[in-house]
1. Quick one: residue 95 ticks every box in (1) free of Cβ contacts under 8 Å to residues at least 24 places away in the same chain; (2) hydroxyl-bearing (Ser, Thr, Tyr); (3) within 17 Å of residue 62 (Cβ to Cβ) except a single one, so which number is it?
2. Output the number of residues of region 184-206 satisfying the condition of being touching a helix residue (DSSP H, G or I) at 6+ places or on another chain (Cβ under 6 Å), closer than 13 Å to residue 168 by Cα and of a type outside the set (Gly, Ala, Ser).
3. Just to be sure before I move on: is residue 75 surrounded by 15 or more Cβ atoms within 10 Å (Cβ to Cβ), touching a strand residue (DSSP E or B) at 6+ places or on another chain (Cβ under 6 Å), at pLDDT 95 or above and not charged (D, E, K, R) in the structure I sent?
4. Residues being within 18 Å of the chain's Cα centre (by Cα) and either hydroxyl-bearing (Ser, Thr, Tyr) or at pLDDT 90 or above (or both): count how many of those fall in region 128-137.
5. Considering only residues of region 196-213 that are more than 15 Å from residue 20 (Cβ to Cβ) and in contact with a Gly (Cβ under 8 Å, 6 or more places away or on another chain), which is surrounded by the fewest Cβ atoms within 10 Å (Cβ to Cβ)?
6. Has region 178-190 got at least one residue that is in a helix (DSSP H, G or I), in contact with a strand residue (DSSP E or B) (Cβ under 7 Å, 6 or more places away or on another chain), more than 17 Å from residue 212 (Cα to Cα) and not acidic (Asp, Glu)?
7. Please verify whether residue 169 is buried (at least 22 other Cβ atoms within 10 Å of the Cβ), within 21 Å of residue 110 (Cα to Cα) and modelled with pLDDT under 90, treating the condition exactly as stated.
8. Anything in region 298-330 that is surrounded by 24 or more Cβ atoms within 10 Å (Cβ to Cβ) and more than 23 Å from residue 139 (Cα to Cα)? List them, or say none.
Amino acid sequence: MGKKFRNYDKKKDIDLIGIGNAIVDIVVNVNEEFLEKNNLKKGSMTLISSEESAKLLKDCEVIKKVSGGSSANTVVSLAQLGNKVQFIGRVKNDYFGNYFSSNIKKSNTIFNTPPIEKGPPSAHSIIFISPDAQRTMCTYLGASVNFEPNDVNFNLIKNSRYLYLEGYLWDNDLAKNAFLESSKIAKTSGTKVILSLSDSFCVDRHRESFLELIEKYVDILFCNESEVLSLLKSNNLENCKSAISSLCKLVIITLGGKGSLIMHKGEIQEIKPVFLGEIIDTTGAGDIYAGGFIHGLINEYPIKKCGDIGSLCASHIITQLGSRSKIDLQDLIEKNLS
């Protein structure tokens, strides 16, 4: 079956703590004309104001709301797979903040970050799903923009096997400081640091500081093809493989419909995509892949099996609307992977 990735410190009570934007996802179906009318580029993520959000929602029928954000999606998938996980994110004591808190707790994710009483409203993201299953996001970051070290109970990190960070928060200097402090504490307490690069445009903005963060603190890196090309300023993935392998002990590159690559200890393993049905919505596919993969690490499965679990979970989530699985993910794994 292969070697296990690590031996765990049995004294640590939490499997993983994720830090990221605390966002309520608002899912709506739209046609191509709606995107054109509102000058929205399909597949993009646009930051908007609360006023713009209200205007866009005025002409839409909301299908569902769910606690979201990249890191939160990964953490919740891990909770659904039976792991003990916690999420840290900034919300305000308002409608969206209270909704986020109550909704994420329903997944058995621990969420104890105290809400703020002053400042911008809680974050929310409108996810427009077009007929071809592509997602176009308009996000109001609100309270998440002001995420800071005071929002983190650093003692918790010492008690977690893994620390999961999302690149989206890197735009804010205070959040950046929180990440760095969290990573330092993780490093000194035997907590493995995982980074998701989140978005190629985010990488464009912070390439040098991301490279420094990865070199100093990151043990496991999740990225897609466009993100790794941006990180290494290349237009050819083949040319990046050696450089990215030397940056980090374990690198996972998702390739959409082409599967994924795992780079570990000088070896590259290809993970084939899984087809489970019609693609309905690609929202959160990369986040759920990371959750499935990390579930494998937590259970000390061989690296190849970790990739197979990630691929299976991602392949399932795109056959339904939204980033929360409607079926038992543990049952999905048992039925499809021996």
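The values are calculated or read from the model by the stated rules, or taken from the named source; none is laboratory data. Since this is a predicted model, take the numbers as computed values, not measurements. Here the Cβ is made from the backbone with ideal geometry for all residues, glycine too, and neighbour counts use every protein chain on show.
1. (1)
2. 5
3. Values: surrounded by 15 or more Cβ atoms within 10 Å (Cβ to Cβ): yes; touching a strand residue (DSSP E or B) at 6+ places or on another chain (Cβ under 6 Å): yes; at pLDDT 95 or above: yes; not charged (D, E, K, R): yes.
Yes.
4. Residues flagged as within 18 Å of the chain's Cα centre (by Cα) and either hydroxyl-bearing (Ser, Thr, Tyr) or at pLDDT 90 or above (or both) within region 128-137 amount to 1.
5. Taking the candidates together, the pick is 206.
6. No, there is no match, as no residue in region 178-190 is in a helix (DSSP H, G or I), in contact with a strand residue (DSSP E or B) (Cβ under 7 Å, 6 or more places away or on another chain), more than 17 Å from residue 212 (Cα to Cα) and not acidic (Asp, Glu).
7. Working: buried (at least 22 other Cβ atoms within 10 Å of the Cβ): yes; within 21 Å of residue 110 (Cα to Cα): yes; modelled with pLDDT under 90: yes.
In short, yes.
8. Hits for region 298-330 are 306, 307, 309, 310, 313.
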